[in-house]
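The structure under discussion appears below in the form of structure tokens.
The values are calculated or read from the model by the stated rules, or taken from the named source; none is laboratory data. Predicted model, so just to flag it, every value in this text is computed and none were measured. Ideal geometry is used to build each Cβ from the backbone, glycine not excepted, and the neighbour counts take in all protein chains shown. Remember, those area values only see protein heavy atoms, side chains included, never the ligands or the DNA or RNA. Shrake-Rupley method; radii C 1.70, N 1.55, O 1.52, S 1.80 Å.
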Amino acid sequence: MSRIYLSPPHMSGTEVELVRDAFESGWIAPLGPHVDAFEREFAACVGVPHALALSSGTAALHLAMRLLGVESGDEVICPTLTFIASAGPIVYQGASPVFVDCDAETWTIDPNLLAEELADCAKRGRLPKAVVVVDLYGQSADHDAIQKLCSHFGVPIVEDAAEALGATYRDRPLGRFGRLGVFSFNGNKIITTSGGGMLVSEDGELIRQARFLATQARDPAPHYQHSIIGYNYRLSNVLAAIGRGQLRVLAERVEARRRNFDFYRSRLGDLPGLAFTPEAPYGRCTRWLTCITIEPELFGATRDDVRLALETEDIEARPLWKPLHLQPVFSGCGVRGGAVAERLFKVGLCLPSGSNLTDSDLSRICNIIRESRSTTGVPSQQQ
Ligand SMILES: Cc1ncc(COP(=O)(O)O)c(C=O)c1O
């Protein structure tokens, strides 16, 4: 039996034709008609006027930081429960992240703690240059509350929707609740270009500047002329062709991931001490990853017992993101709260969530989880 991965790529079949077209038309070199079409189609899908296809979501976040003028000595607020790429680009710009805990119900940034942090910053006369808001594991953050706060303090938002393409907030697609929105097409995402990202905005001038910076900041001249330093961050025409094929099946991929979640819940929802990520009442989650929490005293096994039982059967499951304020590289950075994210990290597990999982894969995974419970009810030591 082959290994079951956490979230593997799932091609639709049309990508090969589109890639063949890129080859046959001679557009192998960077950029080309598939890039333009991918940007247009993606913008229409998210409901934004401007989109820029890039080599990764991290590149999109980096450009967002640079466009908002984040520089050495600045602070940028970021949730602590997220992947490092939400915060890394803050440091690329020489600034420091300040971490804020998540809400226990939605696992996304806690608006009350954000309000406290912004009020304290204002009192000190040192507002952050931006707030990064992350739509975690396909779940929308509480955007109305966050937007209200940030506009009160005049701080721009960057929405990191890397994990949440296809999700909505009050029926509106995610990615458009900040001055800039970021997506990833990394191999583990709901759709993939093998690697890639997208930066979106209502503001055409910002996207124009991002396009310039992402193409080595080349001045308009017949020769190579540069007045500022840019980056090589554009997506290639070949990868954009893959993205176009993937975008066509996005709705199906969302349904498949939500179906995985429903399957897990129907088979495991009765177990004491096992809970699923709640779905925030204001949004529709994609369930990019199905995540559970395990209270060992009630469940009869620890999170790691379950993870290792699955690993023994060649099934990949992973702990939730380790909170960024606990990462050695961010020791010394500010944090507001943190206990909720720490607790989730201790007891949380991401289950295999690929849109190509079969019922028999899902049944197998559920059986292993059920059987991992100690029959005596005494859990082994939590690691
Ligand atoms: C929340 C979040 N932000 C940013 C990224 C970065 O995207 P990429 O891997 O395309 O650079 C990822 C995923 O990888 C992510 O999960």
Kindly indicate whether V46 is modelled with pLDDT of 95 or more, away from the ligand (no atom under 15 Å from the Cβ) and open to solvent by less than 10 Å² (accessible area, probe 1.4 Å).
yes
Do we find that R172 is touching a strand residue (DSSP E or B) at 6+ places or on another chain (Cβ under 9 Å), open to solvent by 40 Å² or more (accessible area, probe 1.4 Å), on the phi < 0 side of the Ramachandran plot and among the basic types (K, R) in this structure?
no
Within segment 227-240, is even one residue within 22 Å of the chain's Cα centre (by Cα), in a helix (DSSP H, G or I) and within 30 Å of Q93 (Cα to Cα)?
yes
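Conditions (1) touching a Pro at 6+ places or on another chain (Cβ under 6 Å); (2) outside any strand (DSSP E or B); (3) under 22 Å from E279 (Cβ atoms), marked per residue:
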site	(1), (2), (3)
A85	no, yes, no
I90	yes, yes, no
F99	no, no, no
A104	no, yes, yes
A119	no, yes, no
P128	no, yes, no
Selection status of A256, on the phi > 0 side of the Ramachandran plot and surrounded by fewer than 24 Cβ atoms within 10 Å (Cβ to Cβ)
no
Within segment 21-28, is there a residue that is of a type in the set (F, W, Y), open to solvent by 10 Å² or more (accessible area, probe 1.4 Å) and not in a loop (DSSP other than H, G, I, E, B)?
yes
Have a look at Y231, Y282 and point out the one that is within 16 Å of the ligand (Cβ to nearest atom), of a type outside the set (S, T, N, Q) and either open to solvent by 20 Å² or more (accessible area, probe 1.4 Å) or free of Cβ contacts under 8 Å to residues at least 12 places away in the same chain (or both).
Y231
Within segment 290-330, take every residue that is acidic (D, E) and under 25 Å from the mean Cα position of the chain (by Cα) and give me the one that is nearest to R259 (Cα to Cα).
E316
Within segment 111-165, count every residue that is open to solvent by 20 Å² or more (accessible area, probe 1.4 Å) and at positive phi.
2
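Let's see how each residue does on (1) in contact (Cβ under 8 Å) with a residue 24 or more places away in the chain; (2) more than 24 Å from C350 (Cβ to Cβ); (3) within 13 Å of the ligand (Cβ to nearest atom); (4) among the β-branched types (V, I, T):
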{"site": "D135", "(1), (2), (3), (4)": "yes, no, yes, no"}
{"site": "D144", "(1), (2), (3), (4)": "yes, yes, no, no"}
{"site": "D160", "(1), (2), (3), (4)": "yes, no, yes, no"}
{"site": "G181", "(1), (2), (3), (4)": "yes, no, yes, no"}
{"site": "F185", "(1), (2), (3), (4)": "yes, no, yes, no"}
{"site": "L199", "(1), (2), (3), (4)": "yes, yes, yes, no"}
{"site": "E205", "(1), (2), (3), (4)": "no, yes, no, no"}
